[in-house]
Every structure is written in structure tokens, then in C-alpha cells.
Amino acid sequence: MRTIAKHSAARDLNDDCAVLELGTETLILTHDTMVEGVHFLPGQSGEDLAWKLVASNMSDLAAKGAMPLGVLLAYQLGSDDADFLRGLEASLQHFGAVLLGGDTVSANGPRSLGLTAIGTATHCPVPSRAGAKPGHGLWITGPVGAALIGFEALKTSSGDSSFYRRGQALLTEGQALAPLVSAMMDVSDGLLLDARRMAEASRVTIAIDRNAVPIATPEQRRDEALTWGEDYQLLFTAPADAALPCPVHRIGTVRERGPEPLLLDGVAPTGKLGFEHG
């Protein structure tokens, strides 16, 4: 696919979004698809599905410092259409976007839902994954692992599942950080995996201090928290002395590219780093 995505807006398919310059405006476009049994539980409520679909796309816009404009929805009909509509209306209102159109289908097999979100840049150049510079610090906006705890609560019908069901895209924080960062992305597939992606896109090594990462899990589950996704925190690099405009946590440093793109306490991590398709 990369061989045919030649337009500069595609950013070589190495970023969270496409960045399309149109006259004096810069549009930010992103698309996410969710499949039953992969991205959501069979039988999960329609309101949950709508919120998650919108939030995941809004988080991509947040990583570009974008202001949401609207969405296009690809919707597969189900038994919970009224619930989905309620969730869609509530989530769009919450994130400040509107429904612009899309398509509705009826089909058999696992349910599949898709959403394209459109935003406008609030700062140019628009942050990318590829700008991390040696000597800069690595920061995250908040703890990881909350979605993991929420997912387990949802599966067992005990405890607070809201962190998984009602993810929060950090649009305000993304807009405030965009003028100051050298690279930025959202943590959707796991902190370690996404940090490695940033390092590879930037052709640097990112070194993370394991114990500096804020977590929402018990300490004994720290390693799980570092590889679980869907917390939608913003991961970014900036000069070590940058005056950052919102509460953040420094968790590492950007280095010149070495043999490994990612180091955790000085060692290349092994095993599963996060969620990957295929």
C-alpha cells in the first residue's frame, strides 16, 4: 500500500493522520475500523461501540493538535441501532464534532464499523511521529493501564469499566502542546509499541525509564500496563527545558540511533510490546 500512497499528505503512511494542505487551511484526516471480537466484545452495548469509535478517531486528531470538524460513518446494522445512535450523538457532542454523512449496510458475519474524522490544524507544521530529536525528553500526559482495568471490569461485570468504555481523547492538551513538541502521537496500541514506532519514524533510539511511567494498575502489573493500549494518552518529545502548558510526566530521553530503536531501563524489551494486527 505504501507504494501507491505517494501524495505528501499521506506522510508515507507512517503517521496517525493524513495532513492535507488546501489553500490557507490544513485539514487533518483519519480513519479507524473496529471489528467484533477484535476491537470490541460480542454483545457489547451500541452506546459503547459508538463512543469508542468516535474517541479513537478524536485521539488521532488530538495527536496532531487538531480541532474536530466532523465525521463520516460506515455503519453495519445490528440489533442495537437505537443505542448506537444515542452513543453517537453523545460522543460527537462531547468531542465537538458533527455527523457529515457516510454509509449504512446490512451484512452477515462479525460486525464491522468504520469512522473517518476530519479536523483542521491549529498549528503548523503539524506534529508527526517523525520529528523526535536526540537530546529531547520523552513525555506522556497521564497514566497507562486504566483501559486494561476497565476492560477486565467489563468482562467480569464487576468494578469500574468506564475507563475502557468511555475513553477520553485529549484534544485540548494536543492543541496546547502542538506548537512545542518535536514529535507526538497517541498511545492506542501500547506505550512500548507506540514509542518504538515513534523511534523508527524519527530514526532515533528512545530510552524509557520503566519506573518513571505513571500507571493506573497495581505495581505488580506495571509490565502489562506498558503494553496495553486504548488509554489515549499523548506521547511526545520536546526539548528537556521546554515550558510545557499542561500536567505531563517525563518518562525517557531521545538518543542518537543505536542498534535498537527502543530501550527500557537500558535494555531492548522482548516479547509483546503492544497490540499488532496480523
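The values are calculated or read from the model by the stated rules, or taken from the named source; none is laboratory data. The shown structure was predicted, so the numbers you read here are calculated from the model rather than taken from an experiment. Don't worry about glycine lacking a Cβ; one is built from the backbone with ideal geometry, like all the others, and counts go over all protein chains shown.
Structure notes:
- Filtered residue count, the range 12-38, keeping only those that are at pLDDT below 90, touching a helix residue (DSSP H, G or I) at 6+ places or on another chain (Cβ under 8 Å) and more than 16 Å from T116 (Cβ to Cβ): 1
- Filter result for V54 (in a strand (DSSP E or B) and either in contact with a strand residue (DSSP E or B) (Cβ under 8 Å, 6 or more places away or on another chain) or not assigned by TED's automatic domain parsing to the domain that holds F163 (or both)): no
- Qualifying residue in the range 84-105 (condition: assigned to a loop (DSSP other than H, G, I, E, B) and out of contact with any strand residue (DSSP E or B) (no Cβ under 9 Å at 6 or more places or on another chain)): no
- Options A121, A74, A132; residue that is out of contact with any helix residue (DSSP H, G or I) (no Cβ under 9 Å at 6 or more places or on another chain) and touching a residue at least 60 places away in the same chain (Cβ under 8 Å): A121
- T122 being closer than 22 Å to V54 by Cβ and more than 17 Å from the chain's Cα centre (by Cα): yes
- When A50, A117 are checked against the criterion of being in contact with a Phe, Trp or Tyr (Cβ under 6 Å, 6 or more places away or on another chain), buried (at least 18 other Cβ atoms within 10 Å of the Cβ), among the aliphatic types (A, V, I, L, M) and at pLDDT 95 or above, a single residue qualifies: A50.
- Subset of the range 88-100 that is touching an Asp or Glu at 6+ places or on another chain (Cβ under 9 Å) and surrounded by 20 or more Cβ atoms within 10 Å (Cβ to Cβ) - its residue that is farthest from L170 (Cα to Cα): L88
- Unique residue being modelled with pLDDT of 95 or more, in a loop (DSSP other than H, G, I, E, B) and charged (D, E, K, R) when the list is E276, E224, E260, E230: E260
- Checking A199, A176, A195 one by one, the residue that is assigned to a helix (DSSP H, G or I), surrounded by 20 or more Cβ atoms within 10 Å (Cβ to Cβ) and in contact with a Pro (Cβ under 8 Å, 6 or more places away or on another chain) is A199 and no other.
- Condition broken by V187, with the remaining ones in (1) crowded, with 22+ Cβ neighbours inside 10 Å; (2) in contact (Cβ under 8 Å) with a residue 60 or more places away in the chain; (3) touching an Asp or Glu at 6+ places or on another chain (Cβ under 9 Å); (4) under 16 Å from V248 (Cβ atoms) satisfied: (2)
- So N108, is it free of Cβ contacts under 8 Å to residues at least 40 places away in the same chain and either over 30 Å from P245 (Cα atoms) or of a type in the set (S, T, N, Q) (or both): yes
- Boolean, V267 is crowded, with 21+ Cβ neighbours inside 10 Å and farther than 21 Å from A169 by Cβ: no
- Test: residue in the range 101-109 that is among the β-branched types (V, I, T), more than 11 Å from T30 (Cα to Cα) and surrounded by fewer than 22 Cβ atoms within 10 Å (Cβ to Cβ): yes
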